[in-house]
Amino acid sequence: IREVDAIVHVVRCFDDDNVIHVDGSVDPLRDIETINLELIFADLEVLERRISKVARTAKMDKEAGKEMVFLKRLKEHLESGKPASLLEDLTEDKEKWMQTYNLLTDKPVIYAANVSEDDLADDGASNAGVQKVREYAAQTGSEVFVICASIEAEIAELDDDERAMFLEDLGVTEAGLDKLISASYRTLGLMSFLTAGEDETRAWTIKIGTKAPQAAGKIHSDFERGFIKAEVVNYKVLLELGSLSAAREKGLVGIEGKDYVVKDGDVILFRFNV
């Protein structure tokens, strides 16, 4: 559970007498605070183990002594009910320490507001619980998307065509899984570029701001090591014209070098030599 980049928190935002809430009532903000406290308790256990380890050398090692001071400050912060992500005035050294602890409350959070089928079409706009979650998320810089778990269970059993028709009948443009993927990409600063050939078209996930050689390295280390240039065209252009050669004829394929920053939706043909 510690090897995660973000936390997805499903928050109930619907009333249903047939689905009993463990606390007897539906209150999204209360539920969020309950989970936050559970995560804080889990992080405190991690800190206690780290403190115990660092304490063995803190008196003899200057660096360990500095970390011990930071650990105690961080522990007090968590014990006050605040997530690690809200700890302020972190120096570069403290940032490095924080990363090694891999605390759950230091991870970005994506809230999935779980609504009834009736609230799905307007994306939860008329649902008071969803609005509360959105307001809370805005204060913490978190992503929110609306989902109906019962609908997701139904469409999971359908093929692509049936799923599209089902969602259209509901007045919904995206399935919950698609919303989750989009929210995750935004939260983690990710994007995708594509490679296309006769046998396969594939999307590759990279960090926003990645340059062409490093993007090539996602495919194979030899591509990055021997990078020469990249032929780049937007996927919409490629779909419209039907082939890379047609795009070349219209002058819509760019020839890019090592400093090119890859854009979301680029279709790239890498030229390399090793």
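The values are calculated or read from the model by the stated rules, or taken from the named source; none is laboratory data. Values in this document were obtained by computation on a predicted structure and should not be read as measured data. Glycine also receives a Cβ, built like all others from the backbone with ideal geometry; neighbour counts cover every protein chain displayed. Remember, those area values only see protein heavy atoms, side chains included, never the ligands or the DNA or RNA. Shrake-Rupley method; radii C 1.70, N 1.55, O 1.52, S 1.80 Å.
Ranked by solvent-accessible area (1.4 Å probe, protein heavy atoms only, all chains present), the residues LEU71, LEU241 order from largest to smallest as LEU241, LEU71. FRET efficiency for the pair ASP161 and LYS207, taken as 1/(1 + (r/R0)^6) with r the Cβ-Cβ distance and R0 = 22 Å, rounds to 0.05.
Annotation: extensible slack from ARG49 through ILE181 equals 44.1 nm (criterion: 0.36 nm per residue apart, minus Cα-Cα distance).
Report summary: the helix-based calculation at 222 nm, which adds -39500 (n - 2.57) for every DSSP H run with n ≥ 4 and divides by the residues of the chain, gives -14000 deg cm²/dmol.
For a modelled paramagnetic label at ALA196, 7 Å from Cα along Cα-to-Cβ, the residues of segment 226-247 in reach, with backbone nitrogen under 18 Å, are 230-247. Which one, ASN127, MET98, VAL54, projects farthest toward the positive side of the charge dipole computed for the chain from Cβ point charges (K/R +1, D/E -1)? Among ASN127, MET98, VAL54, the one farthest towards the positive end of the dipole of the chain is VAL54. The peptide list 128-136, 106-114, put in order of mean Cβ contacts within 10 Å with the highest first, becomes 106-114, 128-136.
Its alpha carbons give segment 102-247 an Rg and a Dmax of 19.5, 56 Å. Packing, as the average of other Cβ atoms within 10 Å across residues, places the peptides 265-272, 97-104 in the order 265-272, 97-104, highest first.
Could you order peptides 205-212, 166-173 by the average number of other Cβ atoms within 10 Å of their residues, highest first?
Taking the mean over residues of other Cβ atoms within 10 Å, the ranking is 205-212, 166-173.
Starting from the Kirkwood Rh over alpha-carbon pairs, what translational D in µm² s⁻¹ does segment 1-127 have by Stokes-Einstein at 4 °C and 1.567 mPa s? Rounded, D is 77 µm²/s.
At an R0 of 22 angstrom, the distance between the Cβ atoms of LEU37 and LYS66 translates into a FRET efficiency of 0.15. With point charges of +1 on the Cβ of Lys and Arg and -1 on the Cβ of Asp and Glu, referenced to the Cα centre of segment 44-175, which listed residue (ALA164, LEU74, VAL144) lies farthest in the positive direction of the dipole? Final value for the positive-end residue is LEU74.
Can you pull the percent of segment 1-159's accessible area that's carbon plus sulfur, 1.4 Å probe, other chains left in place?
For segment 1-159, the apolar C and S fraction of the accessible surface comes to 50 percent.
Sites listed here are trypsin sites (Lys or Arg not before Pro) in segment 47-89 whose DSSP assignment is loop and whose Cβ has at most 13 other Cβ atoms within 10 Å: ARG56, LYS59. Candidate values (i) 21.4; (ii) 13.9; (iii) 20.5 were compared with mean projected area of the Cα convex hull in nm² computed on the shown model; the agreeing label is (iii). Answer rounded, prolate or oblate for segment 186-264, using the Cα gyration tensor with square roots of eigenvalues a ≥ b ≥ c: rounded when a/c is under 1.5, else prolate when a/b is larger than b/c, else oblate. Taking the square roots of the gyration eigenvalues as a ≥ b ≥ c, segment 186-264 is prolate.
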